[in-house]
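Encoded as structure tokens, the structure appears first; notes follow it.
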Amino acid sequence: MEEETSKLPLPDAFLDFLQTNEIDPLIYTAFESTPRYIRLKPGSEAYLEEIEAEIKCRLQKVNWLPGFYSLPPHIQIANSKPYKEGKIYGIDAASGAAVLAMDISVGDHVLDLCCAPGSVTGVDVARHRLAACRTMLQKYVLGDACRLFVADGTTFSLMPVRDHLDSISCEFALEEKKDTFREWTSRRPWKERKRAARARENAASRLVSETDHPELIFYGKSSGVVGLSKDELYQTVSSSEVSSSGYDKVLVDAECTHDGSIRHIQKFEHWGWETLNGRVLNAERSDNLTTLQLKLLINGFRLLRVGGSLVYSTCSLTVSQNENVVEWFLKENSSAALQAIEAAKDWPCKSGRIPKTLRFDPVTSKTSGLFVAKFTKLAV
Ligand SMILES: C[S@@+](CC[C@H](N)C(=O)[O-])C[C@H]1O[C@@H](n2cnc3c(N)ncnc32)[C@H](O)[C@@H]1O
């Protein structure tokens, strides 16, 4: 069979990076054969034929991932009616698998520590990306139980709003409750907008006061925020309380070099290959990223309740940002254990270098590259 050749003119510096990190450059030859994926919004199944007619292509059901369909990579969906109407999401199947790996049940409190621009309840350090996330929650009418905080995921400390907080609320209720959160509206009162702008200025100039809290840029009607006072929302709990009242599920889809995403690497054709050094290859940036990934994993795990599960993922295929982070984390955390991902039996992926971890890549999986590890928190 004739070997498929890359259409991407990968520069020598990038090929060196791949070689150093033992990544097969072959994956970048698959960019024309890797499909695009969509997820159908639950409840939109009846519109499947209509959607196919609108985007002028047949959707191929992804048998191993419920609700997902593949389509040829050249089909654009962003301007299509079903996308604008919120019937379909553009999301890679590997990212869908990472979410499925969390095994979320109805009623679970889920924390997504690097959420933008995805649409799970969460935290992100980049305000503009989180604002895009808020737009998506509103477009897909998904935000009813969500809260979105602009915050650093390495230090974020807020617990889910649980029943025990309701009992604390009763104490507050005895006093006159001032400054309680009303139903969220995009039209903030002038005073509030002014306060938020001041907080942002302070953060930018690092004059953050000790009362500076993560900025809440959205909350749904059923998120538990409506009726709370600021003190109640921002109260902290002891580490022993976290074991029982922490999050049931945590996703740490960490910032990384994105080298496993062919579509991301393809963008350098427009950005200029010379910018690759600053964005992907720079050794100092890689070291900083590894530190950030570890800190995000440590803090995400700290906020997990005992018995809960945390999924760590990156779209890098380097060992340093994946297996090395996992190994270091396990060595330092006796309450952390890797968990096999039950749903993965039928997934088209490989094992990572550590048993129970998984690797998706364009050649093996026909998806974007993704590393996935799942941990549970043991009582110690
Ligand atoms: C790989 S992306 C997440 C993609 C997202 N899970 C999705 O599916 O759309 C990583 C995100 O981490 C955010 N980020 C970077 N540093 C962070 C930090 N210290 N705390 C929280 N988020 C951070 C970036 O702004 C970026 O949005």
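Computed from the Cα positions only, the extents of the chain along the three principal axes stand at 77, 51, 42 Å, in decreasing order. Bridgeable aspartates and glutamates around Lys61 (alpha carbons under 16 Å apart, same-chain partners fewer than 8 residues away excluded): Glu45, Glu49, Glu50, Glu52, Asp92, Asp346.
The calculated pair-distance distribution of the range 34-91 uses every alpha carbon pair, bins of 5 angstrom beginning at 0, and gives 4, 21, 37, 28, 9, 1 percent. With the largest listed first and rounded to whole Å, the semi-axes of the equivalent ellipsoid of the range 309-380 from the Cα gyration tensor are 22, 14, 8.
With +1 on each Lys and Arg Cβ and -1 on each Asp and Glu Cβ, how big is the dipole of the chain about its Cα centre, in debye rounded to the nearest 20?
Numbers: 47 positive and 50 negative charges, 221 e Å.
Result for the chain is approximately 1060 debye, rounded to the nearest 20.
Working from label points 7 Å from Cα in the Cα-to-Cβ sense, the Lys191 to Lys139 distance is 3.5 nm.
If the only charges are +1 at each Lys and Arg Cβ and -1 at each Asp and Glu Cβ, what is the size of the charge dipole of the range 31-146 around the Cα centre, to the nearest 20 debye?
Working: 13 positive and 13 negative charges, 74 e Å.
Magnitude of the dipole: close to 360 debye.
Listed by chain and number, the aspartates and glutamates placed with their C-alpha closer than 13 angstrom to that of Lys249 are Asp103, Asp108, Asp112; residues fewer than eight positions away on the same chain are left out. Quick one: check the C-alpha center-to-center distance for the range 312-359 versus the range 25-59, whole angstrom. So the separation of the two Cα centres works out to 28 Å.
When you count, for each residue, the other Cβ atoms within 10 Å and take the mean per peptide, how do 344-353, 232-241, 311-320 rank with the highest first? List each step's numbers first, then the result.
Numbers: 344-353: 15.0, 232-241: 13.2, 311-320: 23.5.
Order by mean packing, descending: 311-320, 344-353, 232-241.
When you count the other C-beta atoms within 10 angstrom of each residue and take the mean per peptide, 48-58, 71-81, 125-135 line up highest first as 125-135, 48-58, 71-81.
For Lys221, a cut-off of 18 angstrom between C-alpha atoms picks up these lysines, skipping any fewer than 8 places away in its own chain: Lys139, Lys230. Computed from the Cβ-Cβ distance with R0 of 41 Å, the FRET efficiency linking Asp212 to Glu269 stands at 0.50. Distance from the Cα centroid of the range 92-112 to that of the range 238-302 is 18 Å (rounded to whole angstrom).
To the nearest 0.05, how large is the calculated FRET efficiency for Ile75 and Ile298 if R₀ is 56 Å and r is the Cβ-Cβ distance?
Working: r = 41 Å, r/R0 = 0.72.
With R0 = 56 Å, the Cβ-Cβ based efficiency is 0.85.
Taking the range 343-373 and a reference point 7 angstrom along Cα→Cβ of Glu22, the backbone N atoms nearer than 20 Å belong to 349-365, 369-373.
We did not get these values from a lab; they are worked out from the coordinates using the rules stated. Since the structure is predicted, the reported quantities are computational estimates derived from the model, not experimental observations. As a convention, Cβ positions derive from the backbone with ideal geometry for all residues, glycine included, and neighbour counts pool all protein chains shown.
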